[in-house]
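Enquirer: Before anything else, here's the structure in question.
The values are calculated or read from the model by the stated rules, or taken from the named source; none is laboratory data. Note that the coordinates shown come from a computational prediction; the quantities given were computed from them, not determined experimentally. With ideal geometry, Cβ positions are generated from the backbone for all residues, glycine too; neighbour counts draw on all protein chains shown. Protein only, heavy atoms only, side chains kept; ligands, DNA and RNA dropped before computing areas. Shrake-Rupley method; radii C 1.70, N 1.55, O 1.52, S 1.80 Å.
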Amino acid sequence: MAFKPRDLSDSVTVRAAAKINLHLGVGAARPDGYHELTTVFQAVSLFDEVTVRPAGAVSVVTRGEGADQVPDDPAQNLAARAAVRVAPDSPVAIEIDKAIPVAGGMAGGSADAAAALLACSRLFDVGWGGEELVAAAADLGSDVPFALHGGTALGTGRGERLSPVLSRGEYHWVLAIAKTGLSTPTVFAELDRLRAKDGVDDESSPPPDELLRALASGDVERVASLLHNDLQPAALSLQPTLRRTLRAGADAGALAGVVSGSGPTCAFLCGDEESAVRVAAELAGGGVAKAVRTARGPVPGARVI
Ligand code: C5P
């Protein structure tokens, strides 16, 4: 059914945040090819903005960080697929302003999909509530429900089943964005390969109970000491230069550093904002990354602006 926009001149813009996995425990590969995860997500203040307006056909234009690597073919672009999912017979022109690195392990594509879902559901008044949005989000990708949700959350299943996490205080991050991206399936496959080589089928790390306690009490140093990513050895195996980046962040005074999700972005947790600015300046001067950004978390999920 074709929906009419609320007003033909209407456009809707939604802002959606990047994520860092404070803990990423990866279990065995499932028959459907996905891995069972236990993860703690935090949304951080690096935002993409997605604008949709009614049009004769679906189209996508992307500007900003890594825009040339984002597919403009509506069949491949996750934001376009999200728009079609909401209103299959009511095409939209989509504009994406990117600040979240592409193929960076920070769920940039998922943020754009969550933003497009929310934007189209508002533009056309399709009558979707939270449940329909979350179901569509989970179909589009494992990280898309968290991009809608934001804040801090525990993810299970393939990462799409969320429960909120109590988190006190503000966390100051430095993000080192690598020169070349990593594809998520390639990193999971590399982890399977490394585990098979070591004769391990399932080496999932223990549940992140201590991390959840540290977040609830707002103990930044304890959180830093508990950052953990089972995908990190696979990302380092595929991009060995990331070891240098992680060392440079520690040398610059970060409390701790971790590869974000499937990488290659490295996320460094700092004691406060001034420390983050100092660490960012040092990393930028050290030439270990394509770009260096500061960000704070947690921030809300996708919002109409
Ligand atoms: O869900 P999404 O499309 O973002 O996942 C991209 C790819 O990452 C999957 O096709 C799969 O190879 C890998 N993945 C996985 N286990 C998960 C999530 C993603 O193996 N829990």
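Enquirer: Pairs needed: first member in the range 169-180, among the hydroxyl-bearing types (Ser, Thr, Tyr); second member anywhere, surrounded by 23 or more Cβ atoms within 10 Å (Cβ to Cβ) and in a strand (DSSP E or B); C-beta distance under 6 Å; at least 6 residues apart or different chains.
Expert: 171/297
Listed here are the residues, each with its yes/no results for (1) at pLDDT 95 or above; (2) crowded, with 16+ Cβ neighbours inside 10 Å; (3) within 19 Å of residue 300 (Cβ to Cβ).
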residue	(1), (2), (3)
6	no, no, no
11	yes, no, no
18	yes, yes, yes
22	yes, yes, yes
40	yes, yes, yes
44	yes, yes, yes
53	yes, yes, no
58	yes, yes, no
72	yes, no, no
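Enquirer: If you go through the range 8-56 one residue at a time, how many are within 11 Å of the ligand (Cβ to nearest atom) and aromatic (Phe, Trp, Tyr)?
Expert: 1
Enquirer: In addition: Considering only strands (runs of 3 or more DSSP E) fully contained in the range 1-95, which possess at least 2 residues that are in the same structural domain as residue 111 (by the TED database), among the small types (Gly, Ala, Ser) and free of Cβ contacts under 8 Å to residues at least 40 places away in the same chain?
Expert: Working: elements: 12-29, 35-54, 59-64.
In the range 1-95, 59-64 are the strands (runs of 3 or more DSSP E) which contain 2 or more residues that are in the same structural domain as residue 111 (by the TED database), among the small types (Gly, Ala, Ser) and free of Cβ contacts under 8 Å to residues at least 40 places away in the same chain.
Enquirer: Still on this structure: If you check 139, 198, 192, which single one turns out to be open to solvent by 80 Å² or more (accessible area, probe 1.4 Å), acidic (Asp, Glu), out of contact with any Gly (no Cβ under 8 Å at 6 or more places or on another chain) and within 11 Å of the ligand (Cβ to nearest atom)? Before you say what the answer is, go through the steps one by one.
Expert: On the way: 198 fails: within 11 Å of the ligand (Cβ to nearest atom); 192 fails: open to solvent by 80 Å² or more (accessible area, probe 1.4 Å).
After ruling out the rest, the residue left standing is 139.
Enquirer: Could you tell me how many of the residues in the range 160-177 are in contact with a helix residue (DSSP H, G or I) (Cβ under 7 Å, 6 or more places away or on another chain) and either open to solvent by 40 Å² or more (accessible area, probe 1.4 Å) or of a type outside the set (Phe, Trp, Tyr) (or both)? So that I can check it myself, show each step before the final result.
Expert: Of the range 160-177, the ones in contact with a helix residue (DSSP H, G or I) (Cβ under 7 Å, 6 or more places away or on another chain) are 160, 162, 165-169, 171-174, 176.
This time we only want the ones that are either open to solvent by 40 Å² or more (accessible area, probe 1.4 Å) or of a type outside the set (Phe, Trp, Tyr) (or both), so: 160, 162, 165-169, 172, 174, 176.
So the answer is 10.
Enquirer: Another question about this same structure. Would you be able to say whether some residue in the range 109-130 is within 16 Å of the ligand (Cβ to nearest atom) and surrounded by fewer than 20 Cβ atoms within 10 Å (Cβ to Cβ)?
Expert: Applying the first criterion (within 16 Å of the ligand (Cβ to nearest atom)) to the range 109-130 yields 109-117.
Next cut, surrounded by fewer than 20 Cβ atoms within 10 Å (Cβ to Cβ) only: none.
No, the range 109-130 has no match at all.
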